[in-house]
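*Asks:* Structure in structure tokens, see below.
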There are 2 protein chains.
Amino acid sequence: VGKDEMRARLSEARVGRLATVRADGRPHVVPYCFVLDGDAVVTAVDDAKAKTTLHLQRLDNIGANSAASVLVDHYDEDWSQLWWVRVDGDATVSGDQHAIDLLQDKYPQYRDRRPPGPVIRIEITSWRGWKS
Amino acid sequence: VGKDEMRARLSEARVGRLATVRADGRPHVVPYCFVLDGDAVVTAVDDAKAKTTLHLQRLDNIGANSAASVLVDHYDEDWSQLWWVRVDGDATVSGDQHAIDLLQDKYPQYRDRRPPGPVIRIEITSWRGWKS
């Protein structure tokens, strides 16, 4: 899978899975909404999807270990149609309002309910892609 | 989400995402096919989905750190229909043929092309579920 194709597939994906590492060294993975911004993937803590708290495990994890991985993939019962794209990088947490604007551009669901943040920005250091 | 519902959703999912931790402490995540076997999720290295090698990063990771997490989720543009289930546990690698039988029962795609293995078995130590 070439870089342009990986970029297009990551950009168009509606959901990704964010993997981080807990302070105790165990893995953590959650589905999440994000937007590709240049060579970074950005997301924001939102209140549009029911949560009991905005203090999320992923924020604790990044505070202890900034390494993060984001996966987008397509499953199909025809196994000649499978693909995935994964980016690895380092995450920082901020209140970047431009990132929230980009999320609202991508997701109409956020337009009536602007995510309060914080914002997690992962600067991509490597791209991997696969298709069957 | 109650335990019975989590179990049903995990059992029925056709694809999960397996998160592990690399020897250098960075996260790793891949989509994968699996079957729920009691209180474990099992998978096998296969050759039914084009790979350049059967020596996979996930096996190296588990060798260094057995902690693993498996996520299944449903995305929908109607954000009142979202859900995910995540199980955490410890992984072991074996040549368990019974696990491969179970994978063939679940996935017709494996019936003509039995996975050679090895088998990764994750004994579940915790269940988490969420729905919007």
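Coordinate-derived values only; no laboratory data. What you see is a predicted model, and the numbers here were worked out from it, not measured in a lab. All Cβ positions, even for glycine, are placed from backbone atoms using ideal geometry, and neighbour counts span all protein chains on display.
*Asks:* Which distances, in nm and shortest first, link the A:T92 label point to the same label point in every other copy, taking 7 Å along Cα→Cβ?
*Replies:* 4.5
*Asks:* Taking only Cα atoms and a 10 Å spring cutoff, compute GNM fluctuations for chain A and point out the largest among A:G25, A:G63, A:G89.
*Replies:* Highest fluctuation among the options: A:G25.
*Asks:* What percent do you get for the relative contact order of chain A when only Cα pairs under 8 Å and 6+ apart count?
*Replies:* 30 percent
*Asks:* Which one, B:N61, B:A91, B:I122, projects farthest toward the positive side of the charge dipole computed for segment B:28-132 from Cβ point charges (K/R +1, D/E -1)?
*Replies:* B:N61
*Asks:* Under a crude label model (7 Å from the Cα following the beta-carbon direction), how far is A:E77 from B:K3 in nanometres?
*Replies:* With each label placed 7 Å out from Cα toward Cβ, I get 3.2 nm.
*Asks:* Evaluate peptide B:27-37: per residue, the Cβ atoms of other protein chains within 10 Å of its Cβ; return the mean as an integer.
*Replies:* Averaged over the peptide's residues, the number is 6.
*Asks:* Okay, moving on. Running a GNM on chain B with Cα contacts under 10 Å, which residue among B:D60, B:D88, B:D78 ends up with the highest mean-square fluctuation?
*Replies:* B:D78
*Asks:* Continuing with the same structure: Along Cα-to-Cβ, 7 Å out, sits the label point; list in nm, shortest first, how far the one on B:E123 is from those in the other copies.
*Replies:* So the distances to the same position in the other copies read 4.2 nm.
*Asks:* Related question: If you place +1 on the Cβ of every Lys and Arg and -1 on the Cβ of every Asp and Glu, how big does the dipole about the Cα centre of chain B come out, in debye to the nearest 20?
*Replies:* It works out to roughly 240 debye.
*Asks:* How far apart are the A:D4 label points across copies, placing each 7 Å from Cα toward Cβ, in nm, shortest first?
*Replies:* 5.4
*Asks:* While we're here: With charges set only on the Cβ (+1 for Lys and Arg, -1 for Asp and Glu), what does the dipole of the protein assembly as shown come to about its Cα centre, in debye to the nearest 20?
*Replies:* I would put it at about 140 debye.
*Asks:* How many angstrom lie between the C-alpha centres of segment B:63-132 and segment A:2-47?
*Replies:* Distance between centres, Cα-based: 20 Å.
*Asks:* Ok, one more. Longer than 18 Å from Cα to Cα, which of A:K131/B:K49; A:K3/A:K131; A:K131/B:K106 are they? Say none if no pair is.
*Replies:* Over 18 Å apart, Cα to Cα: A:K131/B:K106.
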